[in-house]
1. How big is the dipole moment of the chain about its Cα centre under a simple scheme where the beta carbon of each Lys and Arg is +1, that of each Asp and Glu is -1, and everything else is neutral? Debye, nearest 20, please.
2. Tell me what the chain gives for mean residue ellipticity at 222 nm when only DSSP H runs of n ≥ 4 count, each as -39,500 (n - 2.57), the sum divided by the residue total, rounded to 500 deg cm²/dmol.
3. Would you work out what percent of the accessible area of the range 1-44, with all protein chains in place, is carbon or sulfur (probe 1.4 Å)?
4. Counting pairs of alpha carbon atoms under 8 Å apart in space and at least six apart in sequence, what relative contact order in percent does the chain give?
5. Give, in nm to one decimal, the length gained when the segment between Thr157 and Asp264 is fully stretched (0.36 nm per residue of separation minus the Cα-Cα distance).
6. Between Ile37 and residues 5 or more places away or on another chain, which pairs have amide H atoms under 5 Å apart, with H built 1.01 Å from N, and which residues are they?
7. Loop only by DSSP, 15 or fewer other Cβ within 10 Å of the Cβ. Give me the GluC sites (Glu not before Pro) in the range 241-273 that pass, ordered by residue number.
8. Restrict the search to the range 91-131; then list the chymotrypsin sites (Phe, Trp or Tyr not before Pro) that DSSP places in a loop and that have at most 16 other Cβ atoms within 10 Å of their Cβ.
Amino acid sequence: MYRTDGYRVLTDDPMYEIAAYVMDKRYDASNYIKQAIDYESLQEYTRKCRKKGITMSHMSIIVAAYLRLVSQNPYLNRFVMNKRIYARNHFCVSFVTLISGKNRSTVNKVYFNLDDDIFTVNKKLQDAIEKCNESSSDGTSMDKLAKKLVRIPGLLTVAVSVLKFLDKHFWLPFSIVDASPFHTSLFITNLASIRTGAVYHHLYEFGTTGVFIAMGQPSKKIILNGEKVEEKKIMEIGIVTDERIADGHYYGRCFREILKYFKDPSLLETKPDSIVTDEDIKKKNTKFIIK
C-alpha cells in the first residue's frame, strides 16, 4: 500500500506481521525502558563545546545519539499503520518548545539526514527553536492548522475523524504529515526544563510515532561501579517503544549501544562511515526526504 511517508515492508519475518495483528493498538504494544545517563559526561562535553563558541544542549546530544543509532539500525525508523509495517522514507524529530516570554509551549518538528553529525543536529534544533520564538504570534504549522480547525464549532471533531480514517485506510498528503507532530520518527520532551523527573510518556494512537523519550531532571544517585559504591549525578530518560517494529533483542542491543554516545558524545562529531538501509524494502524505494 502506498503512503507519502513510508514504504510497505514486504519481506519481513512473519512474526512481525503476526504481532501487528495481535497487538493492533500502540498502547497494547508499548514497552518501557529507563536509562541512566552520566550527567557529568554530558556537562563535560557541553563545556568543551562552549570553549569552541558552540552552545550545545543536552537534547541535541540525545537526538544526535539516537540519529546515529537509526543510521545503523533502520528498524527503529519503522512504523505500523492499520496492521501493516512501513519503513519511513525520512527521519524527523518532534519536540516540545517553551516559547520565550510566553506562558505556553508549542511542538516543533525538525528533519535530519541520517549522516548528520552532532553539530548539524544542534544547529537545526537551535534554528527551529529560534524561528519558533521569532514567529511566536503565528506559531508552528501545527499551531496554524489547529487554529483553523477550532474556529468553527464541530469542525475539529469531524476533521480529526476524517484524518484518522484517511491515515489508517488510505494515506494523508505529505503537507498534513509535515504539519503533524504525531507523524515522526522520534518524539522527545525535556522535562528537566520544568524540573520534573523522567516519565514513561504514552505513544499516540494517531500518527506514526514509534519511540517517545522523556528527559528527566538530573539528580544524585548511589550507583554500583564495579565493586565500588559511588554517588553520581545522573539524568534519567524514560523510553517508550512500539515493540511491533523491532523485537526485544533488537531494542536491547540498540539501547546498550547508545550508551557509548552518551558517555563520549565526541564520537558523534564525524559522519558515520556508512548508512544501513532497511533490507526489507525494495532497493528502488530507499530514498530519504531532505529538508
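The values are calculated or read from the model by the stated rules, or taken from the named source; none is laboratory data. Keep in mind it's a predicted model, so treat the numbers as computed, not measured. Reconstructed Cβ throughout: ideal geometry from the backbone, glycine too, with neighbour counts over all protein chains shown. Protein only, heavy atoms only, side chains kept; ligands, DNA and RNA dropped before computing areas. Shrake-Rupley method; radii C 1.70, N 1.55, O 1.52, S 1.80 Å.
1. Numbers: 44 positive and 34 negative charges, 157 e Å.
Its charge dipole is roughly 760 debye.
2. Numbers: 9 runs with 100 residues, N = 291.
My calculation for the chain gives -10500 deg cm²/dmol from helical runs alone.
3. Working: 1310 of 2440 Å².
Carbon with sulfur: 54 percent of the solvent-accessible area.
4. 31 percent
5. Details: separation 107, 0.36 × 107 = 38.52 nm, distance 4.72 nm.
Difference between extended and current length: 33.8 nm.
6. Distant-sequence amide H within range of Ile37: Met235, Glu236, Ile237.
7. Working: sites: Glu243, Glu257, Glu269; in loops: Glu243, Glu269.
Filter output for the range 241-273: Glu269.
8. Values: sites: Phe91, Phe95, Tyr111, Phe112, Phe119; in loops: none.
Sites meeting the loop and neighbour criteria: none at all.
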